[in-house]
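The structure appears right after this line, and notes come after that.
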Amino acid sequence: MRLFRWLLRLFPFDFRGDFGTEMEEVFDEQRAAARRRGGRMTLVKLWARTLLGVVRTAPREHLDDLRRDTAYALRMMRRSPGFVATAVLSLALGIGANTAVFSLIDAVWLRTLPVPSPEELVFVQDTGTRTPKTHHNITLPLYEHLRDGNTVLRSLCFFGALTPVSITIGSASELAKVQQVSGTFFETLRVHALLGRTLTRGDDRVTGGHPVAVMSDAYWHRQFSRDPSAIGQPVVINGTAFTIVGVTPPGFSGVIPGERPDFFVPWVMRTVMPFGGTRDAREDPLPSIVARLDSGVSERRAAIQLTALLQQALATEAGSQLSPERRARLTRQRVELSSASRGLTSGPQAELSERLGMLMGVVALVLFIACGNVAGLLLARASARAPEVALRLAQGATRQRLIRQLLTESLLLALAGGLLGLLLATWSLPLLETLLSGGHRPLNLDLRLNVHVAIFVGAVSGASVLLFGLVPALRATAGDLTPLTKRHLGKGGGYGPIRWGNLLVVAQVALSMAALVVAGLFLRTFQELGRLDTGFRRDQVLLASTDPRLAGYSPQRIPVTYEEILRRLRHLPGVISVSLGRQGLVSGGGTSGSVAVAGRAPLPGENDFVDEPEGRVLNVPMFSQVSADYFKVLEIPILRGRGLLATDDAHAPRVAVINETFARYYFGNEDPIGRRFGGGVETSSEIEIVGVARDVKYHSMREPVPRAYYIPYLQWSSSWRETTFQIRTRGNASGMADTVRRAIATVDPTLPVYDVKALTQQIDASLLQERVAATLTSLFGMLALILASVGLYGLLSYAVSQRTGEIGVRMALGAAAGDVRRLVIGHGMRLVALGTAAGVLLALLTTRMVASQLYGVTPTDPATFVMVALILLSVAIAACASPAHRATRIDPIRALRVE
Amino acid sequence: MPPKRDPETHLPLTPALFHVLVTLADGDKHGYAILRDVEQRTAGEVLLSTGTLYGIIKRLLADGLIGEVRTRPAASVDDQRRRYYRLTPFGRQVALAETARLERASAMARATRGLRLGGVKA
């Protein structure tokens, strides 16, 4: 019997109330009859039938109730379009903001590779390797042994990092990115060609013998406008002719999210790649290995079998003379597998993820405020509908039923808000993408809505309903009915919702304050960094980079070529001066090398690893390999001695110009001119210091200027590789881009020219993260403020409408318009003051969490707090204005007559 | 006087619903009696479970096809604890309308050549 009662719980509450007892009795009789008639079997059949009946009828009852509640809710809502519009819009903004940021999180963290069954993919490593998950010591013979001997893997493959190469199609050369992969790469990933074919095992046999390439869909679109005749066309990669054999499907961009290779070539063709080496790599570890597990095979099982195979192979390699320690070490070798379903996350994405946590917090605040608005609106409505509710309660409706009905309204609001929010988020994604890709390293995130996002939106909408709908529903149907059915002049039922409303507004103001302070701090950070003096003159300088090695140049040819390029560029109309320099200039990259100064003992920790807040850092100076005009072009003042000259070439004694920090560190107050230093103790007399230059920023704007020195590129063959030209122009730098390209082409059209941009662009790009953080937090902060002020406005309007009688009496007794206005504004500003105070406390807590991301401003920066408080106050006063004005227009006679 | 309701709008009825109405046409009954009666009438073909039955009862009550009985039947037949249900006049109309509809439908089927019963077990 208890079982049946439990079964009845599937029915709606009201249904149970109406028929529950009866149903129990009927079932009781049925059981008795069944037992009498047929015994066990009939009883079982009865239970089966009853169960089926309940399962079929209960949902229908629930649906009926839902349909009725929905129809009722819609009818109610149609009567107050203003309320619905405000509520839905508030929710849409809150949910939309959260969805947009979540899409970012999804693209960076959560999304799996666009291949079939990505959960079957694993990275293969041997023990002793940590992150990244792709470093290992497995050589080709070991790999082959694992591949041939296993029964747990569907397939195995490996892939190299992306390499920049010079691509020539027809007569035009440009830089492109190529990924070298094993023949089983596409087979393991189960990716089929969009057109033509992908690489197969047959393309992997002979070193240097398979000049075929698979093109990415993006490249095909860009260079060939998706012309199918691209298949079979030749493409020259670093001087070697390849044939295009296929195109990968759109959306597929290898296994490194954020990196988009233009071409995939067989690993055996690595000999034509620079830095690819020509040695037989059989003793070298392979690059990253990925395997696809056989269906139904667990990682653990596969790892066990592969470990056994590995140990077997290692033992065979070592031969018969195995010392006991070696044998012991061998048995400790394991194969470790780790999930590759998300691919290999790379640098730019990792950087972004820091900010994302913070952003998610800010948009959560916005959502809370939005929910607060809707809760306030619902509370006000609840009190307005109080007579109706009381009547229905008196007529016998259960409280449960009414709560369910009110929650249905909230559900519909959340549904509408969620859908609109989804729309807003979709619409804002391209904007987000542009914002985030503004740097010189486009993030290449695939921002789009998918199942994850849809689930997220659903969950957030549902949570919002509970947040804003539950309390008003409970309040509306609770407690003392008398004050709700009567209208009072002063104290009484009208003040219940106002008390809650006050609380909500204070909370909203506090949250807005916190959000705006965070935004303010990020804005200041961005400002401070942007305002920093780089030390060199950044405007009207164009940058252009090239790498002659990609065009097949031997290092010896490079200096001559560079000198020629410098000469041609100098003669261009509109060019003032030209130089070249490989490193620095806030490009994010640089070169360092240990330094030993003749006649000076190194300090402890010098030239060694030291622990900095960012991690272990090598405590050595940075250097730049530059041409003589470098200081002139970038207007870096030489403070002592001289700069570099054209005569400081390969035949001249080695010289260097150091920066102030270098001078101070190694020589203190002594004159560094004439002193000597070198790369090591033996070579410490190699280089003579001829000048001291002013400190300039090297890596990035944030970091302090390091010890640095400048050496003539002509004197060091290590600089005969890729470089960047700095061209000071008379007018707008970017306008000269084409001219510069063409000028370099006249020297040699096969030279790839890339990263042509203004120096200011490069510096702005280095501040990408800060700019994004500042923009997004400001946006969301403003959103929070708007929503909170709408909440304040709503509450005050409601308060005025409720206190019409009281105000009427006051005016009748002689109160002036100013007094009434002060009453309303006083109410509002009291709440704002409380909210601001609470907000300050909240902000102090939150800003501490983002302190590490700030620059030039402390987490408790008083100026920012004051500024934000002022903004809050002025917006609040504006929000109070209209209700206050409306209060003064109350006609005392009419107000009193209604009572 | 409530506005005239058209019984046709409630057609077609599900078999279970129809049988419940027919059962009640025979006299007021309580829940269990309806179950037993339907089972007997249809010779075990239509077996209602409590869930289905009360879903039906709720709908019939809501649509005004049946009503709860305030006065009890004769003391000898009455069971004090139970609730009795009665067919309303409107409910009767609906039951009749459905019967007529079913007759029309079967007559039409019989008139069709393909379905003519001539020595073939239907």
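Residue order for A:E703, A:E325, fewest other beta carbons within 10 angstrom first, comes to A:E325, A:E703. Spatially, region A:751-797 and region B:7-27 are offset by 68 Å when compared through their Cα centroids.
Straight-distance candidates among the aspartates and glutamates for linking to A:K177, with alpha-carbon spacing under 17 Å and chain neighbours fewer than 8 residues away dropped: A:D217, A:E259, A:D262, A:D547, A:E722, A:D755.
Computed over region A:652-808, relative contact order equals 19 percent, with contacts defined as Cα pairs under 8 Å that lie 6+ residues apart. Neighbouring Cβ atoms from other chains, within 10 Å of the Cβ of residues in B:28-41, number 2 on average. Taking each DSSP H run with n ≥ 4 as -39500 (n - 2.57) and averaging over every residue of chain A yields -17500 deg cm²/dmol at 222 nm. Mean per-residue shielding of peptide A:564-575 is 0, counting Cβ atoms of other chains within 10 Å of each Cβ.
The relative contact order of chain A comes to 15 percent, based on Cα pairs under 8 Å that sit 6 or more residues apart. In this structure, A:V866 and A:L503 have a Cβ-Cβ separation that, at R0 = 41 Å, corresponds to a calculated FRET efficiency of about 0.95. Divide the volume of the convex hull around the Cα atoms of the protein assembly as shown by the residue count and you get 314 Å³ per residue. If I model a spin label at A:R721 and A:I877 as a point 7 Å from the Cα along the Cα→Cβ vector, what separation in nanometres do I get? Going by the 7 Å Cα→Cβ label model, 6.3 nm. Here the relative contact order of region B:10-113, from alpha carbon pairs under 8 Å that lie six or more residues apart, stands at 35 percent. Annotation for A:R640 and A:R392: the two label points, set 7 Å from Cα along the Cα-Cβ direction, are 8.7 nm apart. For region A:67-111 versus region A:226-260, the spacing of their alpha-carbon centroids is 44 Å.
The calculated FRET efficiency for A:T70 paired with A:L3, based on their beta-carbon distance and R0 = 35 Å, is about 0.60. About its Cα centre, the protein assembly as shown has a charge dipole of approximately 4420 debye under the convention of +1 per Lys or Arg Cβ and -1 per Asp or Glu Cβ, with nothing else charged. Our estimate of slack between A:S295 and A:A650, defined as 0.36 nm per intervening residue step minus the Cα-Cα distance, is 121.5 nm.
Spin-label pair A:S339-A:E686: with each label point 7 Å from Cα along the Cα-Cβ axis, the two points sit 4.9 nm from one another. Under 18 Å from a label point set 7 Å out along the Cα-to-Cβ vector of A:N732, the amide N atoms of region A:523-541 belong to A:539-541. Kindly flag which residue pairs out of B:K4/B:K29; A:K632/A:K697; A:K45/B:K29; A:K45/B:K58; B:K29/B:K58 have an alpha-carbon separation exceeding 23 Å in this structure. The pairs that break the limit, which is 23 Å between Cα atoms, are B:K4/B:K29; A:K45/B:K29; A:K45/B:K58. With a 10 Å cut-off around each Cβ of A:18-29, the average count of Cβ atoms from other chains is 6.
Here region B:40-69 is scanned for amide nitrogen atoms under 19 Å from the site 7 Å beyond the Cα of B:S106 along Cα-to-Cβ, giving B:40-47.
The long axis of helix A:299-318 is offset from the longest Cα principal axis of chain A by roughly 20 degrees. Using the Cβ-Cβ distance between A:R78 and A:R822 with R0 set to 35 Å, the FRET efficiency works out to roughly 0.40.
All of the numbers you see were taken from the coordinates with simple rules; none came from a lab. What you are looking at is a predicted structure, and each value in this text was computed from that prediction instead of being measured. Please note: Cβ atoms are built from the backbone with ideal geometry, for glycine as well, and neighbour counts cover all protein chains shown.
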